[in-house]
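Below is one structure, written out as structure tokens, with a few remarks after it.
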Amino acid sequence: MVKEVQIVKTGIKIPLAKPKIGVAGKTGFWRITKPVIDYDKCVKCFLCEIYCPVNVIRVEPDQGPVIDYDYCKGCGVCVDVCPTSALKLVQEE
Amino acid sequence: MGKLVALTGNYAVAYAAKYARVDVIAAYPITPQTSIVEKLAELIESGELDAIMIRVESEHSALAATFGAAVAGARAFTATSSQGLLYMHEFVHWTSRARIPAVMAIVTRALAPPWNIWPDHSDFMDQRDAGWIMGFAMDNQEVFDLTLQAFKISEDPRVYLPVMIGLEGFILGHTTMLVELPEQEVVDQWLGPRKQEYVIDGKEPLALGNLAWPEDTEEMFMEIQKAMDNAKKVIKEVDEEYGKLFGRKYGGLIQCINCEDAKYFAVSMGAWSGDLIEAVNKLREEGYPIGVIRIRFCRPFPYEDIWEKVKNSKGVIVFDRSISFGAWGPLFTDLLTGLYHYTNNLPIMSNVVAGIGGVNITYNDFAKLLTSFIETIEKGDKPPVFTWYHKR
């Protein structure tokens, strides 16, 4: 119940953040193993998209999963949850 | 002209929150604070105060809820004591470091174990590194005035820090005194609507307290230090304005009594300053040239103001009602380090810690300690730098 509030900005540095893509830089370079997709095995179950902890997998209706490698850290959760082994981790070069 | 009513210190706090038209109160009961929020609940129930009371399961949640409401733009208030304040400690820091204006009353009480509900300043002084403005009242009228002023100070854009106001449990909290309440319209005009740097109200996605780099973190805290400096000026301005509007001006960060021609000074904070002033009045009649400096705000610490008073003095005795174990009383150590900035030739400084766990210190005790301090110096001896004055 706020009766009245005035935002009077003074420009002080405050611990406030707005969400944006890549706020910590391109985290893809942290990767030592990379998830790759075998589209023949994929059944488009969406589990990889749901489980990806950094939200970089989209399952496109026609194509199947698309991974944004700029930000994928290669954690391998998608590989673990894939029911058809369509995802594999390969060593980064 | 306002009206005179008989109020306990705790009710004076509650009325100050009402006059500030708080939007949200979140609190958990603890002796000797409880009657503040009981009174506020009563005022909400009777329709005299338009606010929400959030009943929580602990003090940690009480301040978290107060903080959350304040972040969303509410004029928010809470109160606690002793163990409750210690339990809040994490959110004490969250509130100040997020630069969120808020007001909290601390009805001071000893810390356990052993279990003890009597007053000293241990709980209050334990919070002194947290980035809150810290004021302490001497009587119930000042409890009301300081609590109301706390909202104005806290929401000043030059400050934007939370404020805690101390009052001793029972000595002020549960004893009654005539308190002058102002006219609501004058308060409304003076205090104005709530002001803050930012709100998080769900209209745009924002995160508070994300990971930050060391340099950014340090810069935020450097700004808190700067805001503390600004607060010294703001506290004095608010004291002046309040004096003009409501007829009571206290002197800013300190109040000085019998200081004009004093050669010796006694420094203290809180309700027992009343007994100290009695003792000094008595000693004045006997010809001792002594004055009292009562600390009204210990954060920011009034180094400059005290130095102005004591620079030509022969001796300064500081009474602390809390102890930093292994060091001395915190008011004393703060004052000693601060004064060193101004001179290499300090007056003789002495610290008395007393009244811990609620041990009653009367004006006779003060008179005895003060005469002994003065006479020791007059004889050419040096009084002990630290004494824990105990009696039973």
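Before moving on, here are some points about what is shown:
- Here A:V56 clears all of (1) more than 28 Å from B:I200 (Cα to Cα); (2) surrounded by 14 or more Cβ atoms within 10 Å (Cβ to Cβ); (3) under 12 Å from the mean Cα position of the chain (by Cα) except the condition numbered (1).
- Taken together, A:C82, A:C78, A:C52 contain a single residue that is in contact with a Cys (Cβ under 8 Å, 6 or more places away or on another chain), away from chain B (no Cβ under 14 Å) and under 21 Å from B:A207 (Cβ atoms), which is A:C52.
- Residue, surrounded by the most Cβ atoms within 10 Å (Cβ to Cβ), within the range B:100-136, restricted to residues that are under 25 Å from A:K13 (Cα atoms) and among the charged types (D, E, K, R): B:R128
- Residue check: B:R158 meets all listed conditions (1) part of a helix (DSSP H, G or I); (2) within 13 Å of another protein chain (Cβ to nearest Cβ); (3) over 17 Å from B:V22 (Cβ atoms) but one, namely (1).
- Residue satisfying condition, being over 30 Å from B:G192 (Cα atoms) and without any contact (Cβ under 8 Å) to a residue 60 or more places away in the chain, within set A:V5, A:V54: A:V54
- Answer residue from the range A:14-36, given it is surrounded by 15 or more Cβ atoms within 10 Å (Cβ to Cβ) and at the interface with chain B (Cβ under 9 Å from one of its Cβ atoms) and is farthest from A:C48 (Cα to Cα) among those: A:I14
- If only residues of the range B:24-60 that are closer than 14 Å to B:M104 by Cα and small (G, A, S) are counted, the one that is surrounded by the most Cβ atoms within 10 Å (Cβ to Cβ) is B:A27.
- Within the range B:99-113, none of the residues are under 22 Å from B:G135 (Cα atoms), in a helix (DSSP H, G or I), in contact (Cβ under 8 Å) with a residue 60 or more places away in the chain and among the small types (G, A, S).
- Among (1) part of a loop (DSSP other than H, G, I, E, B); (2) touching a residue at least 60 places away in the same chain (Cβ under 8 Å); (3) in contact with a Gly (Cβ under 7 Å, 6 or more places away or on another chain); (4) not hydrophobic (A, V, I, L, M, F, W, C), the one test that B:Y250 misses: (3)
- Residues of the range B:316-348 satisfying the condition of being buried (at least 22 other Cβ atoms within 10 Å of the Cβ) and part of a strand (DSSP E or B): B:V316, B:I317, B:V318, B:F319, B:D320
- Verdict on B:M138 being in a loop (DSSP other than H, G, I, E, B) and not aromatic (F, W, Y): yes
- Qualifying residue in the range B:250-264 (condition: crowded, with 18+ Cβ neighbours inside 10 Å, away from chain A (no Cβ under 14 Å), of a type in the set (A, V, I, L, M) and more than 22 Å from the chain's Cα centre (by Cα)): yes
Every number in this text was worked out from the coordinates using simple rules, so none of it is lab data. Just so you know, these numbers come straight off a predicted model, no measurement behind them. As a convention, Cβ positions derive from the backbone with ideal geometry for all residues, glycine included, and neighbour counts pool all protein chains shown.
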